[in-house]
1. Quick one: in the stretch 156-196, which of the residues that are under 23 Å from residue 92 (Cα atoms) and under 17 Å from the mean Cα position of the chain (by Cα) is surrounded by the fewest Cβ atoms within 10 Å (Cβ to Cβ)?
2. I need a count of the residues in the stretch 125-147 that are more than 13 Å from residue 101 (Cβ to Cβ), touching a residue at least 24 places away in the same chain (Cβ under 8 Å) and touching a helix residue (DSSP H, G or I) at 6+ places or on another chain (Cβ under 6 Å).
3. Do any residues in the stretch 219-238 that are outside the structural domain of residue 196 (by TED's automatic domain parsing) and assigned to a loop (DSSP other than H, G, I, E, B) have Cβ atoms under 8 Å from those of residues that are at pLDDT 95 or above and buried (at least 24 other Cβ atoms within 10 Å of the Cβ), where the two are at least six apart or on different chains, and which pairs are they?
4. Within the stretch 213-244, count every residue that is in contact with a helix residue (DSSP H, G or I) (Cβ under 9 Å, 6 or more places away or on another chain) and exposed (fewer than 15 other Cβ atoms within 10 Å of the Cβ).
5. Any residue at all in the stretch 201-218 that is under 25 Å from residue 119 (Cβ atoms), in a helix (DSSP H, G or I), assigned by TED's automatic domain parsing to the domain that holds residue 109 and touching a residue at least 40 places away in the same chain (Cβ under 8 Å)?
6. Does the stretch 57-76 contain at least one residue that is modelled with pLDDT under 85, farther than 22 Å from residue 177 by Cβ and not in a helix (DSSP H, G or I)?
7. Out of the residues in the stretch 38-55 that are in contact with a strand residue (DSSP E or B) (Cβ under 9 Å, 6 or more places away or on another chain) and without any contact (Cβ under 8 Å) to a residue 24 or more places away in the chain, which is surrounded by the fewest Cβ atoms within 10 Å (Cβ to Cβ)?
């Protein structure tokens, strides 16, 4: 197969799923990973895809109503998200009831709570639910809410909200599309924003997880003002001026080391 043919197939696969790993593409095309790397380099140089560690993702739209798929977002800023997730997991103690909302940063956190005993997890995220059912502690209770499914593999809408309104949580962990001084925490999906607002009202402590790339972004619908968060966990690649501004609005801002600022 000629290089242009391979690259066309690679583009089609990335466009279909939002992202692809080098190992997956090599298997699909029956070529070496080195060949795929060269093809990805060529496509990235042409501005058709974006290279990330271990693969490539589709270029994201600039619109504040576009919502990238879970697979694409999970391959972005992996080190930062893992560090944020590990720090967030430290807030969870045995016996807690917690809400884990959709998104790749919250999914990164789920990997760090799988061994915590006697917790009840309420989630609208299919990846989180699947992971905890597969890898979680035996005495954990995982409740998956239903509703309309988003590109991030989360369930939102009135059925999700109705189920959340009957619950009382110790902590809720929510990811965000954007963090903006005036626009607060926001989502490109109106229904997701409404769902996030609902869970925020049913929790004792509201924790937002956002890597440094979320700073200055503004999605279509705001689900909380900055001062409504009890805790924000971000990574140390965020601008120092942003951290200062955020600390004037939020009770506790935690920055974790991701290695990106070195």
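1. Only one residue fits best here, namely 172.
2. Qualifying residue count for the region: 1.
3. From residues that are outside the structural domain of residue 196 (by TED's automatic domain parsing) and assigned to a loop (DSSP other than H, G, I, E, B), there are no pairs.
4. The number of residues fulfilling the criteria is 2.
5. If we filter the stretch 201-218 for residues that are under 25 Å from residue 119 (Cβ atoms), which is where we start, we get 201-211.
If we keep only those that are in a helix (DSSP H, G or I) too, we end up with none.
No - not one qualifying residue is present in the stretch 201-218.
6. no
7. 41
The values are calculated or read from the model by the stated rules, or taken from the named source; none is laboratory data. Values in this document were obtained by computation on a predicted structure and should not be read as measured data. With ideal geometry, Cβ positions are generated from the backbone for all residues, glycine too; neighbour counts draw on all protein chains shown.
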